[in-house]
Amino acid sequence: MIVLNPHYKIKTATKEQIYLHLKQCNNDFIPPLDNKVNINEYAEKLFAQSVTFEAWEDESLAGLIAAYFNDKKNETGFITNVSVLNNYGGKGVASHLLRMCIKYAIQNNFKEIMLEVFKLNKPAINLYKKNGFTLFENKNDLLIMRHEIKKMNN
């Protein structure tokens with residue numbers, strides 16, 4: 001039996017590590033990632049413009065959430081990628097990464113995080129619901145989901 005013991009980091013992965021991870025997860029996306037984007041260009045964009053929340057097993061990037069936190073005016077973050085290697089699925093890695101992303105949003109005074117998910121991707125939809133995301137908009141083949149950040153009164 002393989003013991004999984006990932007360690008978690010923020011924004012340490014190189015462009016090449018992001019690329020290799022996305023390549024490994026390509027067919028786990030619904031639809032496959034390379035049907036929607038050029039994976040090399042996407043990895044480059046994630047590396048340059050997103051905040052990455054990472055699960056590492058030794059030198060392997062086992063899980064990755066990439067989110068854009070560049071809409072300071074509307075205080076809205078946008079998760080563009082959630083991916084976990086197959087042998088880490090169902091082990092709480094994605095939930096842990098989502099909690100890290102939400103904590104980051106809170107610490108940086110964002111009021112919400114949005115994401116898009118393909119309607120047929122039931123496991124992902126269940127993951128997001130379990131972590132406090134609710135349906136915001138129904139758009140063609142996609143669901144727009146939102147996690148509202150509750151501001152604490154001092």
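Test G92 against the criterion of being of a type in the set (G, A, S), closer than 26 Å to N5 by Cα, surrounded by fewer than 17 Cβ atoms within 10 Å (Cβ to Cβ) and in contact with a strand residue (DSSP E or B) (Cβ under 9 Å, 6 or more places away or on another chain), and give yes or no.
no
Could you tell me whether the stretch 101-113 includes any residue that is within 11 Å of the chain's Cα centre (by Cα), crowded, with 17+ Cβ neighbours inside 10 Å, among the β-branched types (V, I, T) and within 20 Å of V37 (Cβ to Cβ)?
Taking every residue of the stretch 101-113 in turn, none turns out to be within 11 Å of the chain's Cα centre (by Cα), crowded, with 17+ Cβ neighbours inside 10 Å, among the β-branched types (V, I, T) and within 20 Å of V37 (Cβ to Cβ).
Show the residue pairs meeting these rules: Cβ distance below 8 Å; 6+ apart or different chains; first residue within the stretch 94-105 and under 16 Å from F78 (Cβ atoms); second residue part of a helix (DSSP H, G or I) and of a type outside the set (A, V, I, L, M, F, W, C).
Matching pairs, first to second residue: L98/Y128.
Which one of these is out of contact with any Asp or Glu (no Cβ under 8 Å at 6 or more places or on another chain), within 27 Å of L20 (Cα to Cα) and of a type in the set (S, T, Y): Y88, Y68?
So the residue among Y88, Y68 that is out of contact with any Asp or Glu (no Cβ under 8 Å at 6 or more places or on another chain), within 27 Å of L20 (Cα to Cα) and of a type in the set (S, T, Y) is Y68.
With A48, A124, A67 as the choices, which residue is under 18 Å from I10 (Cα atoms), surrounded by 15 or more Cβ atoms within 10 Å (Cβ to Cβ) and hydrophobic (A, V, I, L, M, F, W, C)?
A67
With respect to the numbered conditions (1) in contact with a Ser or Thr (Cβ under 8 Å, 6 or more places away or on another chain); (2) assigned to a loop (DSSP other than H, G, I, E, B), which one is the sole condition not fulfilled by G132?
(1)
Can you tell me how many residues in the stretch 99-129 are assigned to a helix (DSSP H, G or I) and not polar (S, T, N, Q)?
Counting residues in the stretch 99-129 that are assigned to a helix (DSSP H, G or I) and not polar (S, T, N, Q) gives 15.
Since D58 meets every condition but one in (1) within 24 Å of N5 (Cβ to Cβ); (2) modelled with pLDDT of 95 or more; (3) out of contact with any Gly (no Cβ under 8 Å at 6 or more places or on another chain), which condition does it not meet?
Single failed check for D58: (2).
Do any residues in the stretch 120-146 that are touching a residue at least 24 places away in the same chain (Cβ under 8 Å) and farther than 24 Å from Y88 by Cα have Cβ atoms under 9 Å from those of residues that are of a type in the set (D, E, K, R) and assigned to a loop (DSSP other than H, G, I, E, B), where the two are at least six apart or on different chains, and which pairs are they?
Matching pairs, first to second residue: L142/K119; L143/K119.
Here's a check for you: in the stretch 80-95, which residue that is hydroxyl-bearing (S, T, Y) and assigned to a strand (DSSP E or B) is farthest from F29 (Cα to Cα)?
Looking at residues that are hydroxyl-bearing (S, T, Y) and assigned to a strand (DSSP E or B), I get T80.
The values are calculated or read from the model by the stated rules, or taken from the named source; none is laboratory data. All values reported here derive from a predicted model rather than from experimental measurement. In this analysis, Cβ positions are derived from the backbone assuming ideal geometry, glycine residues included, and neighbour counts consider all displayed protein chains.
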